[in-house]
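Taking it in order: structure first as structure tokens, then the write-up.
The values are calculated or read from the model by the stated rules, or taken from the named source; none is laboratory data. Everything quoted here is computed from the prediction, not taken from an experiment. When we count neighbours, we look across all protein chains shown, and the Cβ atoms used for this are built from the backbone with ideal geometry, even at glycine. All accessible areas refer to the heavy atoms of the entire protein, side chains included, with ligands and DNA or RNA removed. Shrake-Rupley method; radii C 1.70, N 1.55, O 1.52, S 1.80 Å.
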Amino acid sequence: MLSTTEPACNMRPLNVMDFHVERNAWGRQVHSFSTNIKLDFDRGRPFNAFFIRAPKISKIGNGIRVLSSFNDEPILVRDNLHIVSAFHPEIGNDY
């Protein structure tokens, strides 16, 4: 189930999806960036993804489907009930 390579004292994983992350792996706050990505379910137009102290998904388990990648690394994954992003999909105006 969900685990991180860098434990945080105030973080309790929900353990509802089978994947691992590396916290803040895209860099510190000063390394934040945005880029256009392709979403598997909307390939006709780009989606502007914001990476702010974002985790990298380092391992995915059975039943996890990758919906988007950046630099050949998964950044949006789902199982049957849940969806998880390594970026902030709520920032911006693409609803």
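Being small (Gly, Ala, Ser) and farther than 13 Å from residue 18 by Cβ is the filter here; which residues of region 46-95 pass it? First the steps, then the outcome.
The initial filter retains those residues of region 46-95 that are small (Gly, Ala, Ser), namely 49, 54, 58, 61, 63, 68-69, 85-86, 92.
Residues satisfying the conditions are 49, 54, 68, 69, 85, 86, 92.
Mind listing whichever residues of region 13-28 are at pLDDT below 80 and more than 18 Å from residue 53 (Cα to Cα)?
14, 15
Any residue at all in region 62-78 that's modelled with pLDDT under 90 and surrounded by 14 or more Cβ atoms within 10 Å (Cβ to Cβ)? Quick ask: steps written out before the conclusion?
First, the residues of region 62-78 that are modelled with pLDDT under 90: 62.
Checking which are surrounded by 14 or more Cβ atoms within 10 Å (Cβ to Cβ) leaves us with none.
No, because not a single residue in region 62-78 is modelled with pLDDT under 90 and surrounded by 14 or more Cβ atoms within 10 Å (Cβ to Cβ).
Looking only at residues in region 38-61 that are in contact with a Phe, Trp or Tyr (Cβ under 7 Å, 6 or more places away or on another chain) and of a type in the set (Phe, Trp, Tyr), which one is most open to solvent (accessible area, probe 1.4 Å)? It would help to see each step written out before you state the result.
Our first condition is that a residue be in contact with a Phe, Trp or Tyr (Cβ under 7 Å, 6 or more places away or on another chain); within region 38-61, this holds for 39, 49-51, 54, 56-57, 59-61.
Now drop any that are not of a type in the set (Phe, Trp, Tyr), which leaves 50-51.
Details: 50: 51, 51: 2 Å².
It comes out as 50.
Could you tell me whether region 26-38 includes any residue that is of a type outside the set (A, V, I, L, M), touching a helix residue (DSSP H, G or I) at 6+ places or on another chain (Cβ under 9 Å) and not in a strand (DSSP E or B)? It would help to see each step written out before you state the result.
Initially, region 26-38 is screened for residues of a type outside the set (A, V, I, L, M), giving 26-29, 31-36, 38.
From what's left, touching a helix residue (DSSP H, G or I) at 6+ places or on another chain (Cβ under 9 Å): none.
So far as region 26-38 goes, no, none of its residues is of a type outside the set (A, V, I, L, M), touching a helix residue (DSSP H, G or I) at 6+ places or on another chain (Cβ under 9 Å) and not in a strand (DSSP E or B).
Return the only residue of 65, 43, 23 being under 21 Å from residue 92 (Cβ atoms), of a type in the set (D, E, K, R) and out of contact with any Leu (no Cβ under 9 Å at 6 or more places or on another chain). Lay out the reasoning, then the answer.
Details: 65 fails: under 21 Å from residue 92 (Cβ atoms); 23 fails: under 21 Å from residue 92 (Cβ atoms).
Matching residue, one of 65, 43, 23: 43.
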